[in-house]
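So the structure is just underneath, and the comments pick up after that.
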Amino acid sequence: MKGEREYLTKDKFDELMKELNELKTVKRKEVAESLDYARGLGDLSENAEYHEARELQANIEDRIAKLESIMKNTTIMSGEASHGEYVHIGSTVTVAKQGEKNHKKYKIVGSEEADMAAGKLSNRSPLGSVVLGKKVGESFTFNTPAGAMTYKVIAIE
């Protein structure tokens, strides 16, 4: 993922920036205080509070590094509905699986916003990556662990 563009809505970008700011200002301070307290308890080799605080510190620093990497490589998508002839990141696409009558509707988003339960499909997922660039009426096939799947684009919003 290093160096790859991440696509976020303005709301998601703001949410991640808020989380990053809280981790850097509030959470780092809390962990530092926990470490100071745990050091005061004596022998660090058998000090559960110290080891727990060190683990929490490592998790916080990992999350900060991940968020900073995301922010550095982010393109903010327009909040407006993306109508167009071709599917792109930000489009809402209705697709039908070959042999099935029911249609499924997905909004194509960056991987940080993907949420299948909410109908948000990552641009890096097997279906999301293959549907990009397709137009209404076009069929496409992609491989899954269950085998090849064929879908048809029904509508693009």
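The helix-only estimate of mean residue ellipticity at 222 nm for the chain, built from DSSP H runs of length n ≥ 4 each weighted as -39500 (n - 2.57), is -11500 deg cm²/dmol after division by the residue total. In order along the stretch 16-21, the phi-based Karplus estimate (6.51 cos²θ - 1.76 cosθ + 1.60, θ = phi - 60°) of 3J(HN,Hα) comes to 5, 5, 4, 4, 4, 4 Hz; Gly and Pro are listed as x. For the options Tyr86, Tyr50, Tyr106, a Gaussian network treatment of the chain with springs between C-alpha atoms closer than 10 Å singles out Tyr50 as fluctuating the most.
Principal axis analysis of the Cα atoms in the chain yields extents of 70, 35, 26 Å, listed in decreasing size. The alpha-carbon of Lys152 sits under 27 angstrom from the alpha-carbons of these lysines, leaving out residues fewer than 8 places away in its chain: Lys97, Lys101, Lys104, Lys105, Lys107, Lys120, Lys134, Lys135.
Towards the positive end of the charge dipole of the stretch 28-143, with charges on Cβ (+1 Lys, Arg; -1 Asp, Glu), say which of Leu44, Val93, Ser111 has the farthest Cα. Value computed over the given set: Val93. When the Cα convex hull of the stretch 92-156 is projected onto planes of every orientation, the mean area is 4.3 nm². Dipole size of the chain about its Cα centre, with +1 on Lys/Arg Cβ and -1 on Asp/Glu Cβ: approximately 1000 debye, rounded to the nearest 20.
A short reminder: the numbers here are calculations on the coordinates, not readings from a lab. Note that this is a predicted model, so its numbers are computed, not measured. Ideal geometry is used to build each Cβ from the backbone, glycine not excepted, and the neighbour counts take in all protein chains shown.
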